[in-house]
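First the structure, in the form of structure tokens, and then the observations on it.
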Amino acid sequence: MYERAVLQKLKSRILESGRFIQVVYGPRQVGKTTMVWQLVKQLPFESLIATADDVPAADRSWIRNSWNEARRRLAVSGRNEFLLIIDEIQKIDNWSEAVKKEWDEDSMAARNLKVIVLGSSRLLIQKGLTESLAGRFETIHLTHWSFAEMHEAFGWNVSQYIWFGGYPGAAALIGDEPRWKSYIKESLIETSISKDVLMLTRVDKPALLKRLFEIGCTYSSQMIALNKIQGELQEKGNLTTLSNYLTLLEGAGLLTGLEKYAGDIIRKRASRPKFQVFNNALLSAQSPGNFSDKATDPKEWGRLTESAIGAHLLNSSLNRQFNLYYWNENNQEVDFVLESRGRVIGIEVKTCKVSKNSGLGKFEAAFRPLANFLVGTDGIPVEEFLATDPYSLFSI
């Protein structure tokens with residue numbers, strides 16, 4: 001079975017003598033649970049995996065009961081170490097307070113009970129960490145699978161990745177595209193929205209949120225003002241509501257709106273967003289076309305390629321400490337802008353021979369970036385770029 005590189009990072013932390021809660025979070029179906037099952041098979045001590053999936057949200061006692069069972073097993077194991085893994089932790093209200101109480105009790109008793117908590121709602125996980133667990137945790141953010149990972153695990157080529165995205169659980173279904181699309185829509189999209197957004201956060205207009213997601217996926221890699229898409233929404237909402245819903249979708253690892261790079265935080269926040277999916281499968285599964293049709297349509301394939309590159313940059317930014325933007329001015333644009341500690345890089349995606357866009361030159365004159373890169377035709381090959389760590393560009 002393929003093992004993600006992050007598994008070794010988690011394993012080394014668990015085997016260290018220091019005691020920190022390991023918080024592993026990321027979107028659904030990116031391998032969090034699989035990774036911890038692989039981990040427990042490699043440890044020299046026993047473990048307990050408990051999941052909060054079917055536990056009432058108000059039942060904080062469930063955490064204590066699971067913790068006490070882990071303590072009991074530690075006591076009878078005859079060893080001085082034991083691992084407790086709690087899955088879907090964000091399902092429990094005020095989970096961080098309950099975890100803090102049990103963790104501090106173990107610390108006072110010098111009890112070496114190691115803990116991993118898993119969650120799929122980034123917003124709720126981060127909220128709990130900042131409220132209660134300061135100084136007690138380390139985080140590992142699992143992102144959607146990259147092209148390099150899908151290639152190594154399943155032998156995919158770059159065209160397959162651009163269309164089918166990076167969901168490992170769906171890889172076996174790509175030979176039957178209607179079945180693959182149904183799986184993505186019903187088992188991934190619907191489950192993520194219903195369980196990681198609607199069940200955990202107050203949403204007054206769920207139909208509006210779902211429609212915003214559908215439209216945002218359709219426009220992935222394109223700039224569009226929220227007030228411009230109001231006419232396409234079946235149920236109109238004010239701009240603040242739409243912006244909040246987009247934040248919730250981002251927290252679930254589904255869809256975000258990139259801000260315009262302006263060198264000015266106020267202007268960035270006032271800009272129209274550039275919609276970007278976290279995984280191209282979210283776009284392709286809702287498309288009326290199929291793989292073979294899109295791959296032979298230069299315009300459509302160019303947009304899918306830009307979206308795949310955007311998803312690669314977006315997921316990389318979450319772990320590699322750089323910010324991701326776009327830029328445009330007077331019909332000149334740069335598809336993606338990377339910013340880290342005041343250093344700026346421009347990236348333009350080109351998938352056809354003819355391009356009248358001189359955005360990189362205008363961007364160079366306006367912001368003096370560290371470097372600009374062309375990806376695709378006459379630049380870095382798409383396959384090579386998707387297999388590269390974008391943060392390495394800051395070292396060139």
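The values are calculated or read from the model by the stated rules, or taken from the named source; none is laboratory data. Nothing here was measured: the structure is a model prediction, and the numbers come from that model. Because the Cβ atoms are built from the backbone with ideal geometry, glycine has one as well, and the counts that use them run over all protein chains shown.
Could you tell me whether the stretch 33-53 includes any residue that is at pLDDT below 90, in the same structural domain as ALA110 (by TED's automatic domain parsing) and basic (Lys, Arg)?
Residues of the stretch 33-53 that are at pLDDT below 90, as a first pass: 52-53.
Cutting the leftovers down to in the same structural domain as ALA110 (by TED's automatic domain parsing) gives us 52-53.
Going one step further and asking which of them are basic (Lys, Arg), we end up with none.
So far as the stretch 33-53 goes, no, none of its residues is at pLDDT below 90, in the same structural domain as ALA110 (by TED's automatic domain parsing) and basic (Lys, Arg).
Select from the stretch 357-396 the residues that are among the hydroxyl-bearing types (Ser, Thr, Tyr) and under 25 Å from the mean Cα position of the chain (by Cα) and list them in ascending order.
Passing the criteria: THR388, TYR391, SER392, SER395.
Give the residues of the stretch 296-332 that are in contact (Cβ under 8 Å) with a residue 40 or more places away in the chain and either part of a strand (DSSP E or B) or not assigned by TED's automatic domain parsing to the domain that holds PRO390 (or both), sorted by residue number.
Scanning the stretch 296-332 gives LEU324, TYR325, TYR326, TRP327, ASN328.
Here are the criteria: (1) surrounded by 18 or more Cβ atoms within 10 Å (Cβ to Cβ); (2) within 21 Å of LYS9 (Cα to Cα). Tell me which single one GLN42 does not satisfy.
Going through (1) surrounded by 18 or more Cβ atoms within 10 Å (Cβ to Cβ); (2) within 21 Å of LYS9 (Cα to Cα) one by one, GLN42 breaks only (1).
Mind telling me which of the residues GLU81, GLU138, GLU105, GLU97 ends up being modelled with pLDDT of 90 or more and either more than 17 Å from ARG19 (Cα to Cα) or among the small types (Gly, Ala, Ser) (or both)? I'd like the intermediate steps shown before the answer.
On the way: GLU81 fails: either more than 17 Å from ARG19 (Cα to Cα) or among the small types (Gly, Ala, Ser) (or both); GLU138 fails: either more than 17 Å from ARG19 (Cα to Cα) or among the small types (Gly, Ala, Ser) (or both); GLU105 fails: either more than 17 Å from ARG19 (Cα to Cα) or among the small types (Gly, Ala, Ser) (or both).
The match here is GLU97.
Quick one: in the stretch 362-381, which of the residues that are surrounded by 12 or more Cβ atoms within 10 Å (Cβ to Cβ) and not hydrophobic (A, V, I, L, M, F, W, C) is modelled with the lowest pLDDT?
My answer is THR377.
Taking the stretch 302-355 as the search range and keeping residues that are among the polar types (S, T, N, Q) and under 17 Å from LEU370 (Cα atoms), which one is farthest from the chain's Cα centre (by Cα)?
Our first condition is that a residue be among the polar types (S, T, N, Q); within the stretch 302-355, this holds for 305, 307, 315-317, 319, 321, 323, 328, 330-332, 340, 351, 355.
Going one step further and asking which of them are under 17 Å from LEU370 (Cα atoms), we end up with 321, 323, 340.
On the way: GLN321: 14, ASN323: 14, SER340: 19 Å.
Once the filter is applied, the top-ranked residue is SER340.
Determine the pairs where a residue that is in a loop (DSSP other than H, G, I, E, B), located within the stretch 372-393, has a partner that is at pLDDT 95 or above with Cβ atoms under 6 Å apart, the partner being 6 or more residues away or on another chain.
Taking only residues 6 or more apart or on different chains, the pairs are ALA387/PHE147; ALA387/ALA148.
Quick check on LEU198: is it under 28 Å from TYR245 (Cα atoms) and either crowded, with 20+ Cβ neighbours inside 10 Å or touching a Gly at 6+ places or on another chain (Cβ under 7 Å) (or both)?
Answer is no for this residue.
Inspect all residues belonging to the stretch 382-390 and state whether any of them is β-branched (Val, Ile, Thr), on the phi < 0 side of the Ramachandran plot and modelled with pLDDT of 95 or more.
As a first pass, look at the stretch 382-390 and keep what is β-branched (Val, Ile, Thr): 382, 388.
Restricting the remaining residues to those that are on the phi < 0 side of the Ramachandran plot gives 382, 388.
Checking which are modelled with pLDDT of 95 or more leaves us with 382.
Yes, the stretch 382-390 contains at least one residue that is β-branched (Val, Ile, Thr), on the phi < 0 side of the Ramachandran plot and modelled with pLDDT of 95 or more.
Yes/no per residue for (1) closer than 17 Å to ALA134 by Cα; (2) crowded, with 19+ Cβ neighbours inside 10 Å; (3) β-branched (Val, Ile, Thr):
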site	(1), (2), (3)
PRO56	no, no, no
LEU74	no, yes, no
ILE85	no, yes, yes
ILE92	no, yes, yes
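Among the helices (runs of 4 or more DSSP H) lying completely within the stretch 153-227, list those that include at least 1 residues that are out of contact with any Lys or Arg (no Cβ under 9 Å at 6 or more places or on another chain) and of a type in the set (A, V, I, L, M). Even if it seems obvious, please write down each step before you answer.
Numbers: elements: 158-164, 177-183, 190-193, 206-218.
Answer list for the stretch 153-227: 158-164, 206-218.
How do the helices (runs of 4 or more DSSP H) wholly within the stretch 1-119 filter down when requiring 2 or more residues that are under 30 Å from ARG202 (Cβ atoms): which remain?
Result: 32-40, 61-77, 95-108.
Is it the case, given these coordinates, that ILE347 is of a type in the set (Val, Ile, Thr), within 19 Å of THR143 (Cβ to Cβ) and in contact (Cβ under 8 Å) with a residue 60 or more places away in the chain? Explain how you work it out, then say what you get.
Details: of a type in the set (Val, Ile, Thr): yes; within 19 Å of THR143 (Cβ to Cβ): yes; in contact (Cβ under 8 Å) with a residue 60 or more places away in the chain: no.
It is false that ILE347 is of a type in the set (Val, Ile, Thr), within 19 Å of THR143 (Cβ to Cβ) and in contact (Cβ under 8 Å) with a residue 60 or more places away in the chain.
Can you pull out the residues in the stretch 8-39 that are crowded, with 18+ Cβ neighbours inside 10 Å and of a type in the set (A, V, I, L, M, F, W, C)?
Residues satisfying the conditions are LEU10, ILE14, ILE21, VAL23, VAL24, VAL30, MET35, VAL36, LEU39.
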